[in-house]
Amino acid sequence: MLISDYLGVLVLFFLGLLVGVGALAAARFLGASRFYPNKNSPYECGIPSEGAENQRFSVKFYLVAVSFILFDIEAVFLIPWAMTFHPLLEAKEGLYFLTVGFVFLFVLTLGLIYEWRKGLLDWNV
Amino acid sequence: MNETMIAWAFFAGKILLLFGLAFGFIAPIMVWVERRVCALIQDRYGPNRVGPLGLLQTLADGIKLLLKEDLRPNEVRPWFFILAPIICVIPATMAFAVIPFGPPTTLGGLFAEPKRLQIAELNAGFLYVLAIGSLGVYSIALAGWASNNKFSVLGSLRASAQMISYELAAGLALVSVVLLSGSVDLVKIVESQTYLWNIFPGFLAFLIFLPAIFAETNRTPFDLPEAEAELVVGYHTEYSGMKFGLFFLAEYVNMTTVSALAVLMFFGGWEFLPFLPWKDVGVDVNGLIPLFGGFSLPAVIIPFSWFAAKVAFFMFLFVWVRWTVPRFRYDQLMSLGWKTLIPLGIFNIILTTAVIVFHRMS
């Protein structure tokens with residue numbers, strides 16, 4: 001291989017960085033700058049801001065993030081399983097493939113049902 | 001020119017073509033299309049003053065954004081506040097590294113053997129797009145937290161929860177594409193669809209994938225993060241000028257990437273019609289098209305343009321849906337994702353596998 005494939009990824013990373021930093025730097029130099037306190041206050045429809053900045057938020061967001069990690073890892077495990085499908089079909093092992101996948105997906109579904117029954121997926125409370 | 005120079009020129013050309021197209025052409029044109037189509041649907045004119053048909057409106061807006069004051073409110077966490085829009089643009093740019101935009105070709109005899117029209121030929125294939133695409137969540141979470149404004153925090157929490165939820169649905173839908181095509185490599189996935197596009201055996205998967213990509217890019221009917229009636233504009237409430245412009249730009253570039261992904265995964269990529277590939281209508285992707293005056297073009301321009309047209313259709317669909325379907329409520333959004341799309345995705349994987357296995361056995 002003459003040019004490494006990851007070079008393209010690296011070049012795109014730096015192009016993205018260039019767009020981001022370049023645009024912000026250009027705006028910094030080209031833009032006007034007349035600061036005064038009212039302009040720099042947090043946005044609140046024109047009135048002074050009320051309430052704490054670090055307000056509490058629903059624990060649901062955290063639970064969704066946790067269950068996302070579980071399910072995403074399981075979805076990632078499904079990709080290598082799916083990759084073996086065609087070779088196993090050629091080797092007449094389709095039923096074996098199917099059984100293994102079913103067992104895995106069954107456990108995955110049990111987890112989902114448990115979450116559902118526990119009310120983790122209900123947001124209208 | 002020796003071989004090394006040609007290879008480097010090809011490499012640079014691919015990057016310049018995709019990067020230039022995405023940032024210099026597709027994103028500005030899409031902003032214009034979005035506003036014009038919106039106007040059309042709402043029975044008004046839309047931007048039509050700057051340039052012919054208002055085509056230069058986006059350019060004018062870009063210059064305006066550059067000249068705007070670089071506002072930084074007092075309460076924000078300065079470094080992270082500036083970092084968030086930059087982090088937003090980088091994954092948007094990186095994601096199209098593995099997107100192939102045409103069939104492997106010799107470019108009309110320039111190369112001895114067909115080369116791929118793809119910036120990076122990674123083994124991970126579309127998994128790379130999913131991985132890089134999910135990095136976008138970081139910029140949104142960071143933007144909301146760094147802004148230190150209650151609207152921003154709420155918007156970014158909603159956006160993060162929504163994006164990760166629908167990522168699961170998209171991932172499960174794409175597993176069944178791997179089952180059908182037997183590869184994660186996007187070029188091989190397109191080649192496996194030469195005579196039968198994945199949309200036919202994988203229709204259910206597409207039905208799961210389509211809402212998922214709308215939610216991933218935060219587009220209506222899933223634009224809960226910026227629900228303006230409740231949250232001002234969500235996570236970029238405190239952002240103005242070019243910082244807002246970068247979020248805006250990244251949204252359109254992401255739309256292009258997911259549209260391209262949808263076309264490659266389900267709609268046969270650059271192939272002509274569902275059961276009629278280019279080679280059956282007599283287009284040789286390695287050949288040349290003679291033009292007048294002795295000039296000629298590589299014939300790969302035909303499948304490339306066709307691919308671009310398909311992607312353009314999906315981009316139009318994004319706009320069309322935005323001005324047609326109203327926004328969901330947050331509990332509806334989460335229950336659609338977790339209680340409908342994910343169980344359906346699991347069911348679809350079982351169904352696809354079982355149908356193929358029993359079809360082969362009979």
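Nothing in this text is a laboratory measurement; each read-out follows from the coordinates by a stated rule. Only a predicted model underlies this, so the values are computations on that prediction, with no experimental measurement involved. Ideal geometry is used to build each Cβ from the backbone, glycine not excepted, and the neighbour counts take in all protein chains shown.
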*On a 0 to 90° scale, report how tilted helix B:342-361 is relative to the longest principal axis of chain B, with both axes built from alpha carbons and the result rounded to the nearest 10.*
10 degrees
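Relative contact order for chain B using alpha-carbon pairs under 8 Å, separation at least 6, rounded to a whole percent? Don't skip to the answer; put the middle values down first.
On the way: 518 pairs, mean separation 79.6, N = 362.
The normalised contact order for chain B reaches 22 percent.
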*Once the Cα atoms of helix B:78-94 and of chain B are each reduced to a long axis, what angle between those two axes, in degrees from 0 to 90 to the nearest 10, is obtained?*
20 degrees
*Quick one: helix B:150-181 against the long Cα principal axis of chain B, what's the angle to the nearest 10°, folded into 0 to 90?*
20 degrees
_Furthest towards positive pole of dipole, B:300, B:21, B:356, structure part chain B, Cβ charges_ = B:21
*asked:* Please report the spacing between the Cα centers of segment B:208-259 and segment B:22-70 in Å, no decimals.
replied: 17 Å
_Using amide H atoms built in the peptide plane, which far-off residues or other-chain residues are under 5 Å from residue B:288 H to H?_
B:299
*Considering only B:335, B:232, B:142, whose Cα is most displaced toward the positive end of the charge dipole of the protein assembly as shown, charges sitting on Cβ of Lys, Arg (+1) and Asp, Glu (-1)?*
B:232
*About the Cα centre of segment B:15-67, how large is the charge dipole given +1 on each Lys and Arg Cβ and -1 on each Asp and Glu Cβ? Please answer in debye to the nearest 20.*
120 debye
*Using +1 at the Cβ of each Lys and Arg and -1 at the Cβ of each Asp and Glu in segment B:168-276, identify which of B:256, B:189, B:204 lies farthest towards the dipole's positive end.*
B:189
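What's the FRET efficiency of residue B:123 with residue A:18 using the Cβ-Cβ distance as r and R₀ = 25 Å, to the nearest 0.05? Write down the numbers at each step before the final one.
Working: r = 27 Å, r/R0 = 1.10.
It comes out at approximately 0.35.
Would you calculate, for chain B, the mean residue ellipticity at 222 nm contributed by helices, counting each DSSP H stretch of 4 or more residues as -39,500 (n - 2.57) and dividing by all residues, to the nearest 500? Before the final figure, lay out the partial values.
On the way: 14 runs with 211 residues, N = 362.
Helix contribution divided over all residues of chain B: -19000 deg cm²/dmol.
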*Segment residue B:340-residue B:55, length gained on full extension (0.36 nm per residue, minus Cα span)*: 98.5 nm
*asked:* I'd like the distance between the alpha-carbon centres of segment B:127-193 and segment A:70-91, rounded to an integer number of Å.
replied: 19 Å
*So if we plug the beta-carbon distance of residue B:291 and residue A:56 into 1/(1 + (r/R0)^6) with R0 = 60 Å, what FRET efficiency do we get, rounded to 0.05?*
0.35
_Report, in listed order, any pair from B:188/B:339; B:150/B:243; A:92/B:339; B:14/B:64; B:150/B:339; A:92/B:115 with a Cα-Cα distance greater than 26 Å._
B:188/B:339; A:92/B:339; B:14/B:64; B:150/B:339; A:92/B:115
*asked:* Give me the dipole magnitude in Debye, nearest 20, for segment A:5-117 about the Cα centre, with unit charges on the beta carbon: positive for Lys and Arg, negative for Asp and Glu.
replied: 460 debye
*By how many nm would the segment from residue A:116 to residue A:104 lengthen if fully extended, with 0.36 nm per residue of separation less the alpha-carbon distance?*
2.5 nm
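Taking the Cα centre of segment B:54-191 as origin and charging only Cβ (+1 Lys, Arg; -1 Asp, Glu), how large is the dipole, in debye to the nearest 20?
On the way: 9 positive and 9 negative charges, 63 e Å.
About 300 debye.
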*Mind telling me which of B:320, B:338, B:79 comes out most flexible in a GNM of chain B, alpha-carbon contacts under 10 Å?*
B:79
*Contour minus end-to-end for residue B:203 and residue B:355, with contour as 0.36 nm per residue of separation and end-to-end as the Cα-Cα distance?*
53.4 nm
*Can you run phi through the Karplus equation (6.51, -1.76, 1.60; θ = phi - 60°) for segment B:306-314 and list ³J(HN,Hα) in whole Hz, with x for Gly and Pro?*
5, 4, 4, 5, 5, 4, 4, 4, 5
*If you take the beta carbon distance between residue B:111 and residue A:38 as r and set R0 to 51 Å, what does 1/(1 + (r/R0)^6) give as a FRET efficiency, to the nearest 0.05?*
0.25
